Structure formats: C-alpha cells, structure tokens
C-alpha cells in the first residue's frame, strides 16, 4: 500500500510541475556542489552536505500543499524549510541562479518569466 494514502490523487499537470521544480533545484544544487565542493566527490556525485540538502528539498516539494497555486518557494507565504536548511538553499540559489543562464539558459529564462508574472499577479491582488 502507498505511504501517501491520505493524500489526494494528483492530476498529471501538478505531478509535472512538482517534478520540474525538483529538477530545477537538483540542477542548482549540482552546479553549486560542483563549483564549491569540487574536491569532495566524483564527477557526478554530490558531497554529503549537498546530498542532504537535495533530499530535504525533494521531501519538502513532495509534501507541499501549495504546489498547485505557487510558482516558487521564494514566493510562498509559508516557509516550511527549517531555518538552517533555508539558509543553505538560499546560498545555493544565490550562487547557482545567475550561472544557470550559462548552463541551462532555457530553464533560466523560463524561471525569470514565471517570477515576473507571479510578481505582477501578487501586485494586482494587493490593489
């Protein structure tokens, strides 16, 4: 029996959105680890600290009740990350975010466009 038996079945679009978010965070953590912790692991492996952050981020995404309506965790009003993990993911985002344009340009442009649209939507809601 599934361990998520109390959760509602997700529609295909929501599953895709959840997987896409996990993929983006994965890529950012890998980029960060490769550049910051280069000597601590093999070519495609993460160091223990980054692997822990990756697993934590995936778990948070899997259990996010706002996935259907939110764009990114940074726009969420409820921050479900523990403070120390939130600071770690913030460091990863600050480092990897600008570099994503070099390594994954389409994904980076899509992220910027989604962020801008979300900010406009939130501003309209406040008026």
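The values are calculated or read from the model by the stated rules, or taken from the named source; none is laboratory data. The structure presented is a predicted model; accordingly, all values stated were derived computationally and were not measured. In this analysis, Cβ positions are derived from the backbone assuming ideal geometry, glycine residues included, and neighbour counts consider all displayed protein chains.
Quick check on my filter: what residues within the stretch 22-72 are surrounded by 16 or more Cβ atoms within 10 Å (Cβ to Cβ), at pLDDT below 85 and either touching a helix residue (DSSP H, G or I) at 6+ places or on another chain (Cβ under 6 Å) or assigned to a helix (DSSP H, G or I) (or both)?
Scanning the stretch 22-72 gives 67, 71.
State yes or no: is residue 88 closer than 21 Å to residue 33 by Cα and touching a helix residue (DSSP H, G or I) at 6+ places or on another chain (Cβ under 9 Å)?
Details: closer than 21 Å to residue 33 by Cα: yes; touching a helix residue (DSSP H, G or I) at 6+ places or on another chain (Cβ under 9 Å): yes.
Against the criterion (closer than 21 Å to residue 33 by Cα and touching a helix residue (DSSP H, G or I) at 6+ places or on another chain (Cβ under 9 Å)), residue 88 qualifies.
How many residues are modelled with pLDDT under 95 and either over 13 Å from the mean Cα position of the chain (by Cα) or not in a helix (DSSP H, G or I) (or both) if we restrict to the stretch 88-98?
Within the stretch 88-98, residues that are modelled with pLDDT under 95 and either over 13 Å from the mean Cα position of the chain (by Cα) or not in a helix (DSSP H, G or I) (or both) number 1.
Within the stretch 105-124, identify whether any single residue is at negative phi and not in a helix (DSSP H, G or I), and answer yes or no. It would help to see each step written out before you state the result.
Quick first cut of the stretch 105-124, residues at negative phi only: 105-124.
Add one more test, that the residue is not in a helix (DSSP H, G or I), and what stays is none.
For the stretch 105-124, residues at negative phi and not in a helix (DSSP H, G or I): absent.
Criterion first (loosely packed, with under 13 Cβ neighbours inside 10 Å and more than 16 Å from the chain's Cα centre (by Cα)) does residue 124 satisfy it?
Details: loosely packed, with under 13 Cβ neighbours inside 10 Å: yes; more than 16 Å from the chain's Cα centre (by Cα): yes.
Considered against the rule, which asks whether it is loosely packed, with under 13 Cβ neighbours inside 10 Å and more than 16 Å from the chain's Cα centre (by Cα), residue 124 comes out as yes.
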